[in-house]
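These notes concern the structure reproduced below.
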Amino acid sequence: MDYDVIIIGSGPGGYTGAIRCAQLGLKTAVIEKYATLGGTCLNVGCIPSKALLDSSEHFYNAAHSFAEHGIKLNDLQVDLGQMIARKNGVVDQTTKGITFLMKKNKIDEIHGFGSFVDANTIKIKKDDGSEQTITGKNIVIATGSKPMSFPSMPIDKKRVITSTEALNLPEIPKHLIVIGAGVIGAELGSVYARLGAKVSFIEFADSMIPTMDKTMGKELQRAVKKLGADFYFKHKVTKVENTGDEVVVSVDTPDGKSITLNGDYCLVSVGRRPYTDGLNLEAAGLKADERGKIEVDGNLRTNVPHIYALGDVIRGAMLAHKAEEEGTFIAETIVGQKPHIHYRLIPNVVYTWPEVAAVGYTEEEVKQQGIPYKTGSFPFKALGRARASMDIDGLAKVLAHKETDEILGVHIIGPRAADMIAEAVVAMEFRASAEDVSRMSHAHPTYTEAFKEACLAATDNRAINM
Ligand code: FAD
């Protein structure tokens with residue numbers, strides 16, 4: 001065999017897994033169909049979206065809150081071309097960093113489209129038409145996902161777009177219609193709303209980010225509404241049509257009427273589908289379900305034991321850090337270690353402003369499962385740190401077991417919630433009670449005091465500053 005491990009796909013799951021394999025002494029190759037490494041996350045996902053979120057937030061703050069800080073600016077303008085060029089620079093630097101890491105760890109980086117010849121052989125079709133065949137003792141499918149759409153909303157990548165095109169628009173839309181108010185819709189809708197676009201969210205569910213704790217969705221809607229956005233909840237899109245210089249979106253309302261929305265761009269953000277196209281899974285004796293998702297067992301093994309799969313192409317949250325944990329898990333499993341992933345404690349983050357971050361059970365889940373629970377909440381507006389920075393929207397909410405006080409879930413919408421959630425993950429990994437956290441000193445003034453105060457509130461309704 002040429003390799004101990006061949007990994008198809010260089011996203012966060014693939015490249016992290018490759019590095020861990022190399023650290024463990026396994027001869028490893030990574031196959032990537034695109035010219036740059038890093039997958040969806042680094043090229044058209046996490047990193048570029050955060051770059052544009054940061055830039056647009058600077059602009060919004062300059063326009064809306066700098067004056068109150070005593071900073072006067074004249075003639076403030078958006079240079080979208082420069083904003084996107086900076087974002088591209090960040091992507092470039094980050095993807096080159098992965099190439100550096102591959103070299104450093106002596107991992108072979110092979111560019112081209114990989115497909116199975118048999119259960120140990122992968123054929124790589126390169127851009128110049130040539131082919132290379134390599135064999136491996138173990139194979140990891142880390143091929144990720146692609147944006148999903150429905151036949152009623154055909155993507156033309158010009159006016160009816162996915163997140164990938166939304167990261168590279170030639171102009172600020174006058175009216176951006178966003179179908180789906182989940183994480184990606186909320187984030188990219190926020191970018192353009194901050195830059196001055198009218199943004200309309202059409203969502204089949206009854207709130208934004210509908211899979212998260214309901215309190216978060218409600219609070220986020222309030223914040224995004226301040227950007228001037230409109231919401232059409234419980235509305236169903238029936239047709240999306242690009243008429244040339246505009247997009248017409250036909251929508252069924254909850255009371256049975258039909259309306260149309262006219263915009264210049266329509267972002268379809270209705271989810272992503274596992275990507276296994278062209279892998280020739282059958283040649284290896286592998287199966288994917290009708291959506292392309294690969295079945296794996298608790299050790300991330302497919303039905304062919306030396307072939308593993310991870311990340312967006314398998315069950316579970318479509319998140320970069322989930323894929324990364326799985327990459328490490330597979331490498332350690334291959335060498336006979338006994339790694340563990342606590343899926344329930346993988347945090348979920350939305351990088352709007354305020355940010356939303358959560359870990360553990362939602363209130364809806366504990367109710368549904370009949371777990372006895374209590375809650376404690378603390379609003380950011382009661383926090384000195386938040387008033388100092390004028391980031392007073394949002395709250396921290398803690399769910400704890402009614403009898404044992406063990407923390408069951410933490411849901412934060414507020415400034416730097418994405419970073420703050422790490423404390424909740426640590427606490428929950430160590431099975432802390434709300435009282436445990438409430439007795440730990442939190443630096444003052446910091447946003448993290450909101451978590452401590454929410455734990456105090458959950459312990460015995462003992463919040464100090466409220
Ligand atoms: P991917 O990153 O999708 O990588 C798969 C790679 O495999 C790709 O490079 C692809 O080209 C390659 N490939 C596929 N088939 C083949 C083949 N046959 N041969 C060779 N190569 C192949 N997640 C977060 O955790 N935080 C965020 O902030 C976040 N923001 C996001 C924003 C947007 C706009 C989007 C779209 C996604 C975001 N995500 C975020 C999700 C995150 O990007 C994915 O969960 C993550 O990239 C999945 O990693 P992966 O390794 O499974 O696959």
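Some observations on this one:
- Residue within the stretch 183-199 that is in the same structural domain as LYS257 (by the TED database) and farther than 24 Å from LEU80 by Cβ present: no
- First in the stretch 276-299 and modelled with pLDDT under 95, second anywhere and in a helix (DSSP H, G or I) and within 13 Å of the ligand (Cβ to nearest atom), Cβ under 9 Å, 6 or more apart: LYS287/LEU281; ALA288/LEU281; ALA288/VAL313; GLY292/VAL313
- Residue tally, condition touching a helix residue (DSSP H, G or I) at 6+ places or on another chain (Cβ under 8 Å) and near the ligand (Cβ under 7 Å from one of its atoms), over the stretch 1-31: 7
- Residues considered: ILE172, ILE139, ILE124, ILE110. Of these, the only one that is closer than 30 Å to VAL349 by Cβ and in contact (Cβ under 8 Å) with a residue 60 or more places away in the chain is ILE172.
- Extreme residue, nearest to the ligand (Cβ to nearest atom), among residues of the stretch 133-153 that are aliphatic (A, V, I, L, M) and within 13 Å of GLY311 (Cβ to Cβ): ALA142
- If you go through the stretch 183-226 and keep only what is more than 16 Å from the ligand (Cβ to nearest atom) and either among the polar types (S, T, N, Q) or modelled with pLDDT under 95 (or both), you end up with SER200, SER207, THR215, GLN221.
- So LEU76, is it free of Cβ contacts under 8 Å to residues at least 60 places away in the same chain, outside the structural domain of ILE392 (by the TED database) and away from the ligand (no atom under 15 Å from the Cβ): yes
- Screening ILE330 on (1) touching a Phe, Trp or Tyr at 6+ places or on another chain (Cβ under 6 Å); (2) surrounded by fewer than 22 Cβ atoms within 10 Å (Cβ to Cβ) shows it passes everything except condition (2).
- There is no residue in the stretch 417-430 that is in a loop (DSSP other than H, G, I, E, B), in contact (Cβ under 8 Å) with a residue 24 or more places away in the chain and surrounded by 14 or more Cβ atoms within 10 Å (Cβ to Cβ).
- All positions within the stretch 326-341 that are in contact (Cβ under 8 Å) with a residue 60 or more places away in the chain and within 16 Å of the ligand (Cβ to nearest atom): GLU326, GLY327, THR328, ILE330, ALA331
- If the condition is being near the ligand (Cβ under 6 Å from one of its atoms) and over 18 Å from LEU80 (Cβ atoms), then the stretch 40-55 contributes THR40, CYS41, GLY45, CYS46.
- Test: residue in the stretch 303-311 that is within 12 Å of the ligand (Cβ to nearest atom), modelled with pLDDT of 95 or more and touching a Gly at 6+ places or on another chain (Cβ under 8 Å): yes
- Scanning the stretch 56-66 turns up one or more residues that are within 16 Å of the ligand (Cβ to nearest atom) and out of contact with any Asp or Glu (no Cβ under 8 Å at 6 or more places or on another chain).
- Restricting the stretch 439-466 to residues that are assigned to a loop (DSSP other than H, G, I, E, B) and hydrophobic (A, V, I, L, M, F, W, C) leaves a set whose member that is surrounded by the fewest Cβ atoms within 10 Å (Cβ to Cβ) is ALA443.
The values are calculated or read from the model by the stated rules, or taken from the named source; none is laboratory data. Bear in mind that the values here come from a model prediction, so they are computed numbers and not experimental data. Glycine gets a Cβ as well: all are built from the backbone with ideal geometry, and neighbour counts include every protein chain shown.
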